[in-house]
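Step one of this worksheet: look at the structure below.
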Amino acid sequence: MLGHTFRVTTDELKEIFTRRIAPYLPAQFEKAEPHPSGWGNSYTFKPFTGAEPKPEEPYDRYSKDLKLAYKFEDEFHGREVATEDEYELREKARHFLDQVYDEARTRWRNAKYVRDLKQILGNGEATAAWKRWEQAQRAADAAYGYLRKPEATPEWQSAVARLLDTHKELAAAAEAFDAKAERIAWAHKENSCEEGYGYVEALREAGFPEAAEWHVAEPEDYAPTYGYRAREAKNLQAQAASLIKSHEDDVAKIGRLSGAPASA
């Protein structure tokens, strides 16, 4: 049984990769070399596109291979039991095959992450939707801020009506962006992993670093049934609804206390 660290000779490494695991290596695999640090190996692959099937080890095949099989499998199938040195070499081979596939899956997932983001963001619709939201937010803030100025008093009803117009656009802009953000959120959830790209790095590799500043919630926050927990939702529609309610409550309170009509 191998420990956390073990030694592999150059001849053993050659034996493992050219004879024992060669039939099971991913199509993108090119070569294995001892890592410059002296610990472990470094692996070279042809570039993944992300469109390939996820690299998966052929467990049902290589576990029965006489160059890789476990001792208990030889015993179970009535095959000749090999030496302990042979079983140790087989274990090393299985270990390196696991490593290759771990690395291959990380590289594939990175490529798929970038590919998915390019497909989502490449047509510019998400960028336009975010700019629309920012503009709508600025307009709502300005209209609400104006109501607190003395010059708004003579035209109170018109000023409130303009605020309500900005609320409609704010809600529409939030809905439009959330439709794009949901796809981004799922791309992140499906493709991110501890060993691979993070959200910011994937966006940068996809060519959209500015999108890291956008408000993208968890995928579950875009579910049609999120309304029953609306106070917990983190998407833009929930933010817009909260801001609109805050404005409307303030305007109504001002109207009650001052005797001014709340709207046109």
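Against the definition (surrounded by 13 or more Cβ atoms within 10 Å (Cβ to Cβ), in contact (Cβ under 8 Å) with a residue 24 or more places away in the chain and touching an Asp or Glu at 6+ places or on another chain (Cβ under 9 Å)), how does L121 come out, yes or no? Give the derivation first.
On the way: surrounded by 13 or more Cβ atoms within 10 Å (Cβ to Cβ): yes; in contact (Cβ under 8 Å) with a residue 24 or more places away in the chain: yes; touching an Asp or Glu at 6+ places or on another chain (Cβ under 9 Å): no.
When the stated conditions are applied, L121 does not pass them.
Every condition in (1) under 27 Å from N191 (Cβ atoms); (2) assigned to a loop (DSSP other than H, G, I, E, B); (3) modelled with pLDDT of 90 or more holds for A82 except the one numbered (1).
Please indicate, with yes or no, whether at least one residue in the stretch 142-153 is among the aromatic types (F, W, Y) and closer than 30 Å to L13 by Cα. No: the stretch 142-153 contains no residue that is among the aromatic types (F, W, Y) and closer than 30 Å to L13 by Cα.
Working carefully through the options A136, A143, A152, find the one that is of a type in the set (G, A, S), more than 20 Å from F208 (Cα to Cα) and more than 41 Å from the chain's Cα centre (by Cα). Exactly one of A136, A143, A152 is of a type in the set (G, A, S), more than 20 Å from F208 (Cα to Cα) and more than 41 Å from the chain's Cα centre (by Cα), namely A152.
E201 - would you say it is modelled with pLDDT of 90 or more and in a helix (DSSP H, G or I)?
Details: modelled with pLDDT of 90 or more: yes; in a helix (DSSP H, G or I): yes.
When the stated conditions are applied, E201 passes them.
When restricted to residues that are farther than 18 Å from V251 by Cα, among the hydrophobic types (A, V, I, L, M, F, W, C) and surrounded by fewer than 19 Cβ atoms within 10 Å (Cβ to Cβ), the stretch 125-154 contains 1. A111 meets all of the listed conditions (1) surrounded by fewer than 16 Cβ atoms within 10 Å (Cβ to Cβ); (2) within 30 Å of A206 (Cα to Cα); (3) modelled with pLDDT of 90 or more but one, namely (1).
The values are calculated or read from the model by the stated rules, or taken from the named source; none is laboratory data. It should be emphasised that the depicted structure is a prediction, and the values quoted were computed from it without experimental measurement. As a convention, Cβ positions derive from the backbone with ideal geometry for all residues, glycine included, and neighbour counts pool all protein chains shown.
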